[in-house]
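The values are calculated or read from the model by the stated rules, or taken from the named source; none is laboratory data. Bear in mind the structure is a predicted one, so any value in this text is a computation, not a measurement. Here the Cβ is made from the backbone with ideal geometry for all residues, glycine too, and neighbour counts use every protein chain on show.
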Amino acid sequence: MSRSDSYYGQPVIKEPTWTWEIPMYFFTGGLAGASAGLAWLSELRGDDELARRAWASALGGLAISPLFLISDLGKPSRFFNMLRVFKVTSPMSVGSWILSGSGLATGVAAANAWTGMFPRTSRVARPAAAVLGLPLSTYTAALLTNTAVPVWHEARGSLAFFFASGAASSAGAAAVALTPPKYAAAARRLAIGGAVSEAVTNEVMRRGLGMHAEVYKAGPSHVFDNISRACVASGAALIAARGRQSRAAAIAGGALLGAGALAARWSVYKAGFGSAADPKYVVAPQRERIERGESRGATRRDAKVSAPRRDLATPATSDGR
Amino acid sequence: MPGLGTSFGRGGATTFQQDLQNSDCILIMGSNMAEQHPVGFQWVIEAKERGAKVIHVDPRFTRTSAMADLHLPIRPGTDIAFIGGIVNYIFETDSWFREYVQHYTNGPVVLKPDFQDTEEGSGFFSGWNPEDSAYSIETWGYNRSSGEATAGKSEQQADVSGDQAHGAHGMKLKGGQPPDVDPTMENERCILQTVRRHYARYTPEMVAEVCGCSVEDFLKVARAMAENSGRERTSAVVYSVGWTQHTHGVQNIRGASIMQLLLGNIGRPGGGVLALRGHANIQGSTDIPTLFDILPGYIPMPHPQSHPTLDTFVELNGPDTGAWGNLRAYMVSLLKAWWGDAATEDNDFCFDYLPRINGDHSHYAMMLKMLDGGVKGMFAVGQNPVVGSANSKLMRLALAKLDWLVVRDFQQIETATWWKDSPEIESGEMRTEDIGTEIFFLPAAAHTEKDGSFTNTQRLLQWHHKACEPPEDCRSELHWIYHLGNAIREKLKSSDDPRDRPILDVTWDYPVQGPYDEPDAEAVLQEISGYSADGSFLDSYDGLEADGSTTSGSWIHCGIYKDGVNQPARKRPHTEQNWIAHEWGWAWPKDTRIIYNRASADPDGKPWSERKKYVWWDSEEEQWTSLGDSPDFPPTKAPGFDPPRNAKAMEAIAGDKPFILHPDGTGWLYAPTGLVDGPLPAHYEPHETPFVNPLYAQQQNPTRQVFPRPENVYNPSDGEPGAAVFPFVLSTYRLTEHHTAGGMSRSVPYLAELQPEFFCEVSPALASERGLEHGGWATIVTSRNAVEARVMVTERIRPLEIQGRQMHIVGTPYHWGREGIVKGDSANELLGIVLDNNVHISEYKVATCDIRPGRRPRGKERLALVEDYRRRAGSNA
Amino acid sequence: MSHETLAWPDSYGDKAKPRMGFFTDTTVCIGCKACEVACKEWNQVPMEIEGFSGKSYDNSGDLHANRWRHVKFIEEARPQNVLHVDSEGLATYQEGDGLRWLMASDVCKHCTDAACLDVCPTGALFRTEFGTVVVQEDVCNGCGYCVPACPFGVLSKREDDGRVWKCTLCYDRLKDDKEPACAQACPTNSIQYGQLDDLRERAEHRLARMRAAGQDEARLYLADDDDGVGGAGAFFLLLDEPEVYGLPPDPVDARRDLPKVWTAAAAAAVTLGAGLVAAVFGGRE
Ligand SMILES: Nc1nc2c(c(=O)[nH]1)N[C@H]1C(S)=C(S)[C@@H](COP(=O)(O)OP(=O)(O)OC[C@H]3O[C@@H](n4cnc5c(=O)[nH]c(N)nc54)[C@H](O)[C@@H]3O)O[C@H]1N2
Ligand SMILES: Nc1nc2c(c(=O)[nH]1)N[C@H]1C(S)=C(S)[C@@H](COP(=O)(O)OP(=O)(O)OC[C@H]3O[C@@H](n4cnc5c(=O)[nH]c(N)nc54)[C@H](O)[C@@H]3O)O[C@H]1N2
Ligand code: SF4
Ligand code: SF4
Ligand code: SF4
Ligand code: SF4
Ligand code: SF4
Ligand SMILES: [Mo]
């Protein structure tokens, strides 16, 4: 028997077909993007120790990212199909170009930072990597919010900030973990600032989601969210308290923060599935929109023409056809 | 189709599906048209768009009901009472079409004084002979006439009933005139009054009691039919196997025919009785039959004793007035088509070569005989009895008694594979190594791989051209039968045994073509159509002669190759002709789409109304003309024509008698000959029923064929001890997504996925009574067997209130079996064999059963479960 | 030409054909599934057995990569007084007990503002000269972005080859001037194929007639250029709320919010930049 507000409770929209690589990619991309920025700025400031390590994590992140993507796509050649076109309407298309550009730039910059190769190219590549790293960290939010998945789409104003915060904290965390504490002050500030911002933006996003926030309170999304919060809070606390003194604490704190940022991506990612699977998240808000009179009117009961007057049954026998 | 044959003269739908669009009211009953004839159903939708009322009377709410204005559920097997109620309503409200009835039906004919209706005989007509369980029909005839018994067959015994049922060609009437007629129809013994009296007890209240519907709902239907008939309006009746698959199936159709004749709805646009036939070519396979008891064109199969010569055959089978008055010409032309030069005047045109029937060789009779070891070998060609026939287990036990079995099909259907995985193997009742039957499987070519024709539900033949050669060893039926014939003829070549002459003399010379020596299907069509003396193609059966100068393989198809043109292959698109589409395909007889269409004009030949104009008399041209169909009447016979006293054949048909196949040219409200179970329909309960017959003391149709034996045990019915063990009504049917026994659909991926599992439909009330869970499993049990099905609890199935009790239906589609992509138990495991004696059709539509939650036990335990039920019920063998 | 889309007719110049589509009139659908089968047959879509569902006569679930047409079945029992049987013969609820069985054949909507097409990063999804939306299977890289982008849940990936598949509006047949397989198979003309302009006009008349016959529940779905997806190439006449048929009641394509999406991403990127600057330069050390 059917439920009157849905078709046998079946989903209205499809759950994403993406697999585990995607949240991993979100994480590594964000980490790499923010790391590139950190690296270049640190260079400008003269923090070469920090800079070199930040370039390394940027490169690391950018080296793994495409692997995740390709693994999700099935074969390498499929990645290059992305570069057939450039479409602003497709955050994934834009992102592919950003990823490619920033990968190239970061590669050159990191190589230069560690080996001194490409001295000339890297003069452009360094700032390019840093600048491209910023959208690299946030376009993934555009990618998710530009879908019909309600919990994502409804977060279109806030998710990017949440992701940016995550990118900051994870880049900071990586640098904290990799860099001897005495060179890592900026990284610590970034890590802790990012963590605080993560908590705040997460809250802001929830508030804005209304009923959709429910999906963060159930299932895997909820689990990842709890993990994320715990990791972020403890990681930030550890770095704040002991990061300056203890290399071990710095490593542990960095790892916790990184794990927290990763879990946050997983939480968001999984929320999308929960949101797509239950038709109520699609139907109820749209219904409300209609009731509020804000609908653009997918259905219409009134015809634009008037009904023809029909006399009883014109028999087929009389009109020759 | 003797229901239509006895009523109107021909065993085919009186109209065509496209004509439904002209109906003002369409009563679909005993048919699930939208599901089983979806393409034709577009015309019902079209009628609805034009303002027609669509009514569906069916125990279940189906996809047809969903499109109807009114769906009325009734208890399966009670349609005679329901239609009877409408007939009664028509009389009570005086809504019958007087002028039509007076001129076009046998209503004014006076009956013999010794005829007794069921009213006096507590459910029996006069002539009942309890010893033979059969009627002697002498008393059923028209007053002062005497030929019924001969024409209707003297041999009334059940075992040779078939041909007289099919060959319902009527009695001898001098000059086509019934001897005693009262045009005022006031004589107490005239047919109209007899019919009125017969139906008097079918009151709305009685209908409600029998059928389980409310009086008001019934009246809605009756009113709709009456209000939408007459000069200005016409109503159509659509039925299929929901009416035929009963122990009184033929009488269901008789009931509808009577109603339609009274309302003046036959032969007119938007009217008619539309029989929806089954398989793509099932109509064709009765026209040029695969049946045991008739020859092409519904000519009866001769009998050994009563038909020693062609003369006696013609004498005993033909009324000499009406179209059957030329039986001799049809028969001689057939014999000439078959035996060519060997058939001469001197040897009775090889009449002796025809086989004779000496018993009931219908499908079930044959299978039962097989079970007793009386059949050595069988060809199963395009049939899957292990799934499609009632009592599947009995089928398998019978097949296991064969020496050899040849199965020609597209796939390994259950009829070819029962030896390895049947339920009997599972339960240990049979062991593969003990089965002596040698089974040959021959792959068949599909219709896309061969030329040929289909005759669809409306007598319309459409030619299909081969699109590609059949793959590998697949061959057409034509190829197989032709080359098999050649092989046999080769073996007999030097025989001088006279019994081999029919085979050696038969015309068997079709040209072959292509890589596999495929016989030319058009050559066969040409032979069917027939030639005149000068070798030219005949135009119609009017040109057939009794002197051996003409040939025709089927008189009703004569003219199908008119002008040297393959008429069924005509495919002029509908956009280039009017709605009748007369140049699309070819319909027998004489390419007529609405038959008896003379009745669409009044006795004077003028249309009854402008709105319902179809065929009329053009007094200037002095001929019948029409909107574009062939007039089903001698083209220049004036409306006022009065036949001479001694006229014979078509000459004896008066200008106002549209039913030209009947000796008196009328539609028969009352059928004096042709049916074994009575001239009028009477309500009888199904063989297995939880209720008593409120109308007559006689519970069930007394002429039904029963076969009580250990392999075919019946459930006790109401009144008998143990009946309560099987308290529910079981009904079987089809789904759009599958086809019949499933060989052509369970093996097709795209169909298999749409209905992947055998299921049963039950009401929420029954589900809660028996603890059945929606989506879960149920076991359905009868005295024959137990099967398991997924459960569909749905409000589309409604319990009905009958005789103060709630009646529950368990509905199951019957398409599943053990082969194919999707497999499941077969509904036919549940049914026993019990038949309508007119046509030997099985009562697939009603039985009793029990249902319980959960899957059925496996192996031996299934047997134990059934055994337990039988014991508790005291089931009768 | 009306009902213009981003890429049609402009990008085709003279080669543009009239925009073609479907008007699916569910009031005359008899649930025969001929459309579903014809689609699979013509397009050689793989079999997918989903088992007995118990969802009325629908055992094939929903639209996905292996089902481009899908017929839905809704059994509704409602108390009386919704009945309108009159001489126009347009009843839907049964006289008597108010039982009805709605059937509807669903398909890709070929949206004017097609989210799937917008988000496709490879250009595999494209707008044809007929204004329809088609996936080129040799270009699709299985990125899966179109899947959650479609507001109707039409698209999904095929397990074995990882690419997405959906209704092509029988692009191959259209190029040969042939009707799509599903429409041709439909016995009751529930699926009407034609030029979108004509179809819209026909639909208006049909709706007017239904309403005049007292069928107040009849409604058009996605028949207007200003609705949430800019009007659909495949639109419907329904007899109940869209959600009853598993359709979103007020879908909008994602592109409508794209400016906001990009603004947010850009703003977040800038903020991130500022944060980085603050972290690096904002310290006391
Ligand atoms: N898709 C599809 N089409 C088919 C077939 C198929 O298998 N699949 N089979 C073809 C064949 S061989 C045939 S013979 C036809 C049969 O076509 P139909 O006769 O339409 O087929 P059924 O579904 O067997 O039965 C019709 C209806 O009769 C109802 N019924 C049962 N008992 C009674 C009764 O006592 N009174 C009334 N009034 N109704 C009753 C059932 O509920 C059912 O809805 O279909 C042909 N068309
Ligand atoms: N319980 C129950 N039982 C019923 C019915 C019911 O309503 N309820 N209905 C009855 C009715 S009306 C019918 S018609 C029967 C049908 O019962 P059957 O005729 O036994 O079943 P089908 O599956 O139609 O069998 C036809 C076979 O012919 C094969 N075939 C198709 N075309 C060709 C061809 O050109 N050449 C050859 N050699 N083979 C071909 C198909 O593959 C298929 O296996 O079932 C009857 N049984
Ligand atoms: S299967 Fe053939 S005969 Fe049956 S409805 Fe379809 S087209 Fe007509
Ligand atoms: S319905 Fe979905 S798949 Fe079809 S065009 Fe619209 S967005 Fe694309
Ligand atoms: S899965 Fe294929 S069609 Fe869909 S967005 Fe990706 S590339 Fe385009
Ligand atoms: S238009 Fe073609 S591809 Fe689309 S649903 Fe119909 S048949 Fe399938
Ligand atoms: S073919 Fe037509 S009538 Fe049949 S299910 Fe599809 S849309 Fe409905
Ligand atoms: Mo049949």
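Condition check ((1) within 16 Å of ligand 6 (Cβ to nearest atom); (2) surrounded by 21 or more Cβ atoms within 10 Å (Cβ to Cβ); (3) part of a helix (DSSP H, G or I); (4) within 19 Å of the chain's Cα centre (by Cα)) across all residues:
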| position | (1), (2), (3), (4) |
| --- | --- |
| C:Leu6 | no, no, no, yes |
| C:Gly13 | no, no, yes, no |
| C:Thr24 | yes, yes, no, yes |
| C:Cys35 | yes, yes, yes, yes |
| C:Trp42 | yes, no, yes, no |
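Among the residues of segment B:16-65, which ones are polar (S, T, N, Q) and not in a helix (DSSP H, G or I)?
B:Ser23, B:Ser31, B:Asn32, B:Thr62
Considering every residue within segment B:259-277, establish whether at least one is within 16 Å of ligand 1 (Cβ to nearest atom), under 25 Å from B:Thr448 (Cα atoms), under 14 Å from the mean Cα position of the chain (by Cα) and buried (at least 20 other Cβ atoms within 10 Å of the Cβ).
yes
From (1) in the same structural domain as B:Val822 (by TED's automatic domain parsing); (2) more than 16 Å from ligand 7 (Cβ to nearest atom), pick out the condition that doesn't hold for B:Glu737.
The number of the failed condition is (2).
Answer with yes or no whether B:Asp836 is surrounded by 15 or more Cβ atoms within 10 Å (Cβ to Cβ) and at negative phi.
Spelling it out, B:Asp836 is indeed surrounded by 15 or more Cβ atoms within 10 Å (Cβ to Cβ) and at negative phi.
Can you find a residue that is over 25 Å from C:Cys120 (Cα atoms) and either basic (Lys, Arg) or free of Cβ contacts under 8 Å to residues at least 60 places away in the same chain (or both) anywhere in segment C:253-262?
No, segment C:253-262 has no match at all.
With the requirement that a residue be among the β-branched types (Val, Ile, Thr) and either touching a Gly at 6+ places or on another chain (Cβ under 8 Å) or without any contact (Cβ under 8 Å) to a residue 12 or more places away in the chain (or both), what does segment B:616-663 give you?
B:Thr625, B:Ile653, B:Ile660
So B:Leu461 fits all but one of (1) under 23 Å from B:His279 (Cβ atoms); (2) touching a Lys or Arg at 6+ places or on another chain (Cβ under 8 Å); what number is the exception?
Evaluating B:Leu461 over (1) under 23 Å from B:His279 (Cβ atoms); (2) touching a Lys or Arg at 6+ places or on another chain (Cβ under 8 Å) leaves (2) as the failure.
Please count how many residues of segment A:92-110 are closer than 13 Å to A:Ala39 by Cα and small (Gly, Ala, Ser).
So the count comes out to 4.
Restricting attention to segment B:706-738, which residues are within 16 Å of ligand 2 (Cβ to nearest atom) and either among the basic types (Lys, Arg) or touching a Phe, Trp or Tyr at 6+ places or on another chain (Cβ under 6 Å) (or both)?
The answer is B:Asn715, B:Thr732, B:Arg734.
Does B:Gly267 fit the bill of being away from ligand 7 (no atom under 16 Å from the Cβ) and farther than 16 Å from B:Gly5 by Cα?
So B:Gly267 fails the test.
Counting just the residues of segment B:618-657 that are closer than 18 Å to B:Trp608 by Cβ and of a type in the set (Phe, Trp, Tyr), which one comes out surrounded by the most Cβ atoms within 10 Å (Cβ to Cβ)?
Out of the qualifying residues, it is B:Phe633.
Restricting to segment C:42-73, what's the tally of residues that are touching a residue at least 12 places away in the same chain (Cβ under 8 Å), facing chain B (nearest Cβ under 7 Å) and over 20 Å from C:Val244 (Cα atoms)?
Residues meeting the conditions: 2.
A quick yes/no check of all residues on (1) within 29 Å of the chain's Cα centre (by Cα); (2) more than 7 Å from every other protein chain (Cβ to nearest Cβ):
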{"position": "C:Glu204", "(1), (2)": "yes, no"}
{"position": "C:Gln215", "(1), (2)": "yes, yes"}
{"position": "C:Gly233", "(1), (2)": "yes, yes"}
{"position": "C:Phe236", "(1), (2)": "yes, yes"}
{"position": "C:Gly246", "(1), (2)": "yes, no"}
{"position": "C:Ala254", "(1), (2)": "yes, no"}
{"position": "C:Trp262", "(1), (2)": "yes, no"}
{"position": "C:Ala266", "(1), (2)": "no, yes"}
{"position": "C:Leu272", "(1), (2)": "no, no"}
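Could you say which residue among B:Glu46, B:Glu119, B:Glu35 is surrounded by fewer than 24 Cβ atoms within 10 Å (Cβ to Cβ) and within 28 Å of B:Arg189 (Cα to Cα)?
B:Glu119
Tally time: how many residues in segment A:213-232 are in a helix (DSSP H, G or I) and closer than 16 Å to A:Gly274 by Cα?
12
For (1) outside the structural domain of B:Ala256 (by TED's automatic domain parsing); (2) at pLDDT below 95; (3) not polar (S, T, N, Q), each residue gets a yes or a no:
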{"site": "B:Gly655", "(1), (2), (3)": "yes, no, yes"}
{"site": "B:Ile660", "(1), (2), (3)": "yes, no, yes"}
{"site": "B:Thr666", "(1), (2), (3)": "yes, no, no"}
{"site": "B:Leu669", "(1), (2), (3)": "yes, no, yes"}
{"site": "B:Pro672", "(1), (2), (3)": "yes, yes, yes"}
{"site": "B:Pro681", "(1), (2), (3)": "yes, no, yes"}
{"site": "B:Tyr684", "(1), (2), (3)": "yes, no, yes"}
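Testing B:Thr448 on (1) away from chain C (no Cβ under 14 Å); (2) among the polar types (S, T, N, Q); (3) within 16 Å of ligand 2 (Cβ to nearest atom), one condition comes back false. Which one is that?
Looking at each condition in turn, B:Thr448 falls short on (1).
Inspect segment B:221-244 for any residue being under 14 Å from the mean Cα position of the chain (by Cα), of a type in the set (S, T, N, Q), part of a helix (DSSP H, G or I) and surrounded by 20 or more Cβ atoms within 10 Å (Cβ to Cβ) and give the result as yes or no.
yes
For segment B:742-799, please list each of the strands (runs of 3 or more DSSP E) lying entirely inside it that holds at least 1 residues being touching a residue at least 12 places away in the same chain (Cβ under 8 Å), crowded, with 22+ Cβ neighbours inside 10 Å and within 11 Å of chain C (Cβ to nearest Cβ).
It comes to B:759-762, B:786-793.
Going through segment A:275-300 one residue at a time, which ones are free of Cβ contacts under 8 Å to residues at least 12 places away in the same chain and either outside any helix (DSSP H, G or I) or in the same structural domain as A:Met24 (by TED's automatic domain parsing) (or both)?
Hits for segment A:275-300 are A:Arg292, A:Gly293, A:Glu294, A:Ser295, A:Arg296, A:Gly297, A:Ala298, A:Thr299, A:Arg300.
Would you check which residues across segment C:232-241 are buried (at least 24 other Cβ atoms within 10 Å of the Cβ) and more than 16 Å from ligand 7 (Cβ to nearest atom) and list them?
Answer for segment C:232-241, where residues must be buried (at least 24 other Cβ atoms within 10 Å of the Cβ) and more than 16 Å from ligand 7 (Cβ to nearest atom): C:Ala232, C:Gly233.
For the structure I just gave you, tell me whether A:Ala248 is part of a helix (DSSP H, G or I), within 21 Å of A:Leu190 (Cβ to Cβ) and out of contact with any strand residue (DSSP E or B) (no Cβ under 9 Å at 6 or more places or on another chain).
Yes; evaluated as a whole, the condition is true for this residue.
Could you list, in sequence order, all residues of segment B:66-92 that are within 14 Å of another protein chain (Cβ to nearest Cβ) and either in a loop (DSSP other than H, G, I, E, B) or within 23 Å of the chain's Cα centre (by Cα) (or both)?
Passing the criteria: B:Ala68, B:Asp69, B:Pro73, B:Ile74.
In segment C:96-112, which residue that is buried (at least 22 other Cβ atoms within 10 Å of the Cβ) and in a loop (DSSP other than H, G, I, E, B) is nearest to the other protein chains (Cβ to nearest Cβ)?
C:Lys109
Here are A:Gly253, A:Gly272, A:Gly210, A:Gly235: which of them is assigned to a helix (DSSP H, G or I), within 14 Å of another protein chain (Cβ to nearest Cβ) and in contact (Cβ under 8 Å) with a residue 60 or more places away in the chain?
A:Gly272
Out of (1) within 16 Å of ligand 7 (Cβ to nearest atom); (2) in a strand (DSSP E or B); (3) in contact with a Leu (Cβ under 8 Å, 6 or more places away or on another chain), the odd one out for C:Phe126 is which?
Going through the list (1) within 16 Å of ligand 7 (Cβ to nearest atom); (2) in a strand (DSSP E or B); (3) in contact with a Leu (Cβ under 8 Å, 6 or more places away or on another chain), C:Phe126 breaks only (1).
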